[in-house]
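Participant: The structure under discussion is supplied below as C-alpha cells; questions concerning it will follow.
Laboratory data are not the source of any read-out in this text; all were calculated from the coordinates shown. Remember, it's a predicted structure, so these values are computed and weren't measured experimentally. Using ideal geometry, Cβ is built from the backbone for each residue, glycine included, and neighbour counts are taken over all protein chains shown.
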Ligand SMILES: Cc1ncc(C[n+]2csc(CCOP(=O)(O)OP(=O)(O)O)c2C)c(N)n1
C-alpha cells in the first residue's frame with residue numbers, strides 16, 4: 001500500500017463533496033438534492049446548477065428536509081441533503097433516527113463545516129459532537145475522509161455502492177489534498193499511510209495530515225510512528241486497529257471532535273475488547289469551541305502535530 | 001428615556017459606523033442584516049426598552065432575545081453605544097479570546113447579552129419560556145425577540161408561536177426583520193413565507209407592521225404592540241438589507257460578508273455624509 005503523501009495544494013474538502021455528488025448524479029438520474037439555504041457554502045451549488053429540476057429548495061427547515069429525504073428515498077430516489085454538520089446531524093437527530101435509520105433508507109447526509117477549524121463563526125457553527133451522535137444510530141454508516149480527493153471518492157461511492165443511511169463529514173477550510181485519485185478506497189477499510197513500529201497514530205478527517213506531520217517529526221527524533229487513516233468510523237476497520245495494537249506499543253487517536261463518545265472512543269472500543277494497549281486521545285475535551293482563526297483554534301485546542309508529538313513522547317516514556 | 005428622532009438618527013449613524021468598523025477588522029461576519037436592523041435596534045435600546053446599561057442584570061429590565069445570532073454585530077454595537085461596555089471593544093469582534101463571539105455566547109461574559117444563539121429558530125421558544133416565568137412571578141418586564149424572515153421557515157418558530165398565543169403571553173413581542181432576502185437569494189424564491197400577517201394572526205397573535213427605517217413609525221408601533229392585552233404581539237419591520245450603504249442595499253450577497261478595509265472606508269464616508 002503506498003499513497004502519494006505530498007500536498008498537491010490546499011483544497012476544502014467540501015469542494016470534493018460537491019464534485020463527487022455532481023459526478024455521481026451525471027451517471028445516476030435517481031440522485032436528487034435538497035437545499036436548506038446554504039447551497040453554495042456546502043458546495044451543493046455544483047449539482048443544483050447542473051440539475052435544477054432535481055434540486056429542491058426547502059428553506060431553512062432542516063427537520064423537514066430530513067423527513068422529505070426519507071420520503072424521496074422510500075420512492076426510490078437517492079437524496080443528498082447537506083448542511084452544516086451542527087444542523088445536519090444534531091438539529092435533525094430524531095428525524096434521522098426514526099425516518100431515515102429505522103426505515104434503513106439510502107439517504108446521503110452531508111455534514112459540512114465540521115470541526116473547530118470553522119473558525120470565527122464560533123461555537124454554534126463548529127460541529128464537535130456529530131460523530132458521537134451519528135455513530136450510535138443503528139444502520140448508519142459514518143464517513144470522515146481525510147482530504148478533498150478522498151471526500152469526492154466517498155461521495156461517489158456513498159451514492160453508488162451503499163444502500164443505507166450515510167453521514168459524510170467534511171470541513172470548511174482549505175486543507176492539504178494529498179491522497180491520489182486512484183487510491184484504494186473502500187468503506188470500512190482503514191488505510192495505512194505510513195508504516196511504523198513504536199506507536200500508531202490513528203486519525204480521521206483532516207487530522208490524518210497532522211498525524212503524518214507528527215510522524216515525520218518523530219522520525220527525526222528516532223521514534224517510528226505508524227499512521228492509519230480511518231475514513232469510515234462506522235463500520236470501523238477492527239482488523240487494522242487490532243493489528244496496530246499488537247505490533248506497536250501504544251495508540252493515539254486524533255479527531256476534530258469531542259473525545260467523549262467520538263472517534264477515539266470508537267477505536268478504544270476495539271482496542272479494549274481485543275488487545276488493550278496504552279492509549280491517548282487528541283480532540284476536544286468536553287468544551288465548546290469559540291471564535292478565532294482556524295489555526296489559532298487548532299493550536300489552542302491541541303489539534304496540531306506539535307501537540308501530538310508531545311503527547312506521544314509522554315505515552316512512550318510512561319509505557 | 002424618549003429621544004427625538006434627530007437624536008435617534010445620529011445614534012443609528014454611530015452604530016452603523018461601528019458595525020462596519022468591527023466587521024472590517026474581523027474580516028468576516030454578517031454585514032447586511034446588521035445594517036438593516038440598526039434603526040430597529042437603535043429605537044429599541046434608546047426609545048423602547050426599560051433597561052440600565054450600568055446594571056446589566058437589573059431584575060426588572062425588559063429582556064431582548066436575539067434569535068438570529070448571525071446579526072450579532074448590530075447587537076454588540078448597540079450595547080456598546082448604550083454603555084454596556086467600551087465601544088473600542090467592538091474591534092475584538094470574532095477574535096480569539098473576545099467576549100464578542102461570531103455568534104453570541106453567554107459563557108464569554110458580555111454584559112447585556114441575554115442568550116447564546118446562532119442556530120436559527122430557537123429564540124422564540126426561549127422567549128416564550130421567559131415570558132411564562134414573568135407571568136408566573138407577576139413581573140412588569142416585557143420580552144422582545146428578534147427574528148429573520150428566513151428564520152421563520154423553521155418549524156420550531158411556529159410551535160413557539162402557537163404556545164405563546166395559547167398561554168396569552170401579552171408580555172411578549174416578536175420582531176420580524178422583513179428584508180425579503182436570505183443566503184440563497186430572495187425569500188420568495190428559497191421558500192415562500194407569505195401571507196405572513198395572516199399566518200401570525202391565524203396563530204393568535206396581534207400583528208403590526210412598520211417601516212423599519214422610520215423612527216417615528218418604529219417607536220409608535222412598538223408602543224402599540226406593547227399595549228396589546230391578552231395575546232402576544234409581533235412587529236413585522238420592513239427593512240432593507242445593508243441599509244445606509246447604497247451599493248449593497250438589498251443585495252443578499254451581503255448577508256454573510258464583511259467589508260474590506262477599502263470598502264469600509266468608503267461605506268463609513270457615505271454614512272457620515274448622508275445625514
Ligand atoms: C438552524 C440553522 N440553519 C441554518 C443556519 C445558517 N444560516 C445562518 S443565517 C441564515 C439565513 C437567515 O436568513 P434571514 O433570517 O432572512 O436573515 P438575513 O439573511 O435577513 O440576515 C442561514 C441559513 C443557521 N444559523 N441555523
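Participant: Report, in deg cm²/dmol and to the nearest 500, the calculated mean residue ellipticity at 222 nm for chain B, where each DSSP H run with n ≥ 4 adds -39500 (n - 2.57) and the sum is divided by the residue count.
Facilitator: Numbers: 10 runs with 107 residues, N = 275.
For chain B, the value works out to -11500 deg cm²/dmol.
Participant: Using only Cα atoms and rounding to the nearest 10 degrees, what angle (0 to 90) does helix A:148-160 make with the longest principal axis of chain A?
Facilitator: 50 degrees
Participant: How large is the Kirkwood hydrodynamic radius of the stretch B:142-195, in angstrom, based on all distinct alpha carbon pairs?
Facilitator: 12.1 Å
Participant: Follow-up. Based on the Cα gyration tensor of the stretch A:191-318, what are the three equivalent ellipsoid semi-axes, each the root of five times an eigenvalue, rounded to whole Å and given largest first? It would help to have the intermediate numbers written out before the result.
Facilitator: Numbers: eigenvalues 91, 61, 32 Å².
Semi-axes, largest first: 21, 17, 13 Å.
Participant: At 222 nm, what helix-only mean residue ellipticity would chain A give, in deg cm²/dmol to the nearest 500, using -39500 (n - 2.57) for each DSSP H run of four or more? The partial results should precede the final answer.
Facilitator: Numbers: 10 runs with 110 residues, N = 319.
Taking each H run of at least 4 residues, the total per residue is -10500 deg cm²/dmol.
Participant: Quick one: Kirkwood hydrodynamic radius for the stretch A:117-255, alpha-carbon pairs, angstrom, one decimal? Provide the component values of the computation, followed by the final result.
Facilitator: Values: mean 1/r = 0.0637 Å⁻¹.
It works out to 15.7 Å.
Participant: Note down the nm distance, to one decimal, between modelled labels 7 Å out along Cα→Cβ at residue A:174 and at residue B:166.
Facilitator: 5.1 nm
Participant: Identify which of B:56, B:161, B:258 has the largest mean-square fluctuation in a Gaussian network model of chain B, with springs joining Cα atoms closer than 10 Å.
Facilitator: B:56
Participant: Is any residue of the stretch A:110-149 close enough, with backbone N under 17 Å, to a label point placed 7 angstrom from the Cα of residue A:7 along the Cα-Cβ axis, and if so, which?
Facilitator: From the stretch A:110-149, the list is A:117-118, A:146-149.
Participant: What span do the alpha-carbon atoms of the protein assembly as shown cover on each of the three principal axes, reported in whole Å from largest to smallest?
Facilitator: For the protein assembly as shown, the Cα spread along each principal axis is 77, 53, 49 Å.
Participant: Helix A:263-274 against the longest principal axis of chain A: what's the angle in degrees, Cα atoms only, rounded to the nearest 10?
Facilitator: 60 degrees
Participant: Now for a separate question. For chain B, what does the equivalent ellipsoid look like in terms of its semi-axes, each the square root of 5 times an eigenvalue of the Cα gyration tensor, given largest first in whole Å? Intermediate values should be presented prior to the final figure.
Facilitator: Numbers: eigenvalues 149, 88, 63 Å².
Each semi-axis is the square root of five times an eigenvalue, giving 27, 21, 18 Å.
Participant: Against the longest alpha carbon principal axis of chain B, how many degrees, from 0 to 90 and to the nearest 10, is the axis of helix B:261-273 turned?
Facilitator: The helix B:261-273 is inclined about 70 degrees to chain B.
Participant: Please say if the stretch A:1-105 is rounded, prolate or oblate, where rounded means a/c under 1.5 for a ≥ b ≥ c the square roots of the C-alpha gyration tensor eigenvalues, and otherwise the choice is prolate for a/b larger than b/c and oblate otherwise?
Facilitator: Working: a/c = 1.66, a/b = 1.51, b/c = 1.10.
Judged from the Cα gyration tensor, the stretch A:1-105 comes out prolate (a/c at least 1.5, a/b above b/c).
Participant: Two decimals, Cα atoms only, Kirkwood Rh: what is Rg/Rh over the stretch A:10-176?
Facilitator: Values: Rg = 13.9 Å, Rh = 15.1 Å.
A ratio of 0.92.
Participant: Find the Rg to Rh ratio for chain A, where Rh is the Kirkwood radius over alpha-carbon pairs and Rg uses the same atoms. Don't skip to the answer; put the middle values down first.
Facilitator: Values: Rg = 18.6 Å, Rh = 19.3 Å.
That ratio equals 0.96.
Participant: Sticking with this one: For the residues B:89, B:60, A:247, what sequence is obtained by ranking on other C-beta atoms within 10 Å, fewest first? Walk me through the numbers on the way to the answer.
Facilitator: Values: B:89 17, B:60 11, A:247 14.
Final ranking by Cβ density, sparse to dense: B:60, A:247, B:89.
Participant: Sticking with this one: GNM, chain A, Cα, under 10 Å: largest mean-square fluctuation among A:44, A:27, A:279?
Facilitator: A:27
Participant: Ok, one more. By counting other Cβ atoms within 10 Å of each Cβ, how are B:274, A:206, A:106, B:166 ranked from fewest to most?
Facilitator: Working: B:274 10, A:206 26, A:106 21, B:166 13.
Ranked by crowding around the Cβ, least crowded first: B:274, B:166, A:106, A:206.
Participant: Of the candidates A:57, A:43, A:200, which one comes out as most mobile in a Gaussian network treatment of chain A with C-alpha springs shorter than 10 Å?
Facilitator: A:57
Participant: Relative to the compact-globule scaling 2.2 N^0.38 Å, provide the ratio for the alpha-carbon radius of gyration of the stretch B:1-151. Before the final figure, lay out each step's value.
Facilitator: On the way: Rg = 14.7 Å, N = 151, 2.2 N^0.38 = 14.8 Å.
The value comes to 0.99.
Participant: Moving to a separate point now. For the stretch A:191-318, what does the relative contact order come out to in percent, with C-alpha contacts under 8 Å and a separation of six or more?
Facilitator: Numbers: 222 pairs, mean separation 35.0, N = 128.
27 percent.
Participant: Which of A:287, A:144 has the fewest other C-beta atoms within 10 Å, and how do the rest follow up to the most? Walk me through the numbers on the way to the answer.
Facilitator: Working: A:287 11, A:144 35.
If I rank by nearby Cβ atoms, fewest first, I get A:287, A:144.
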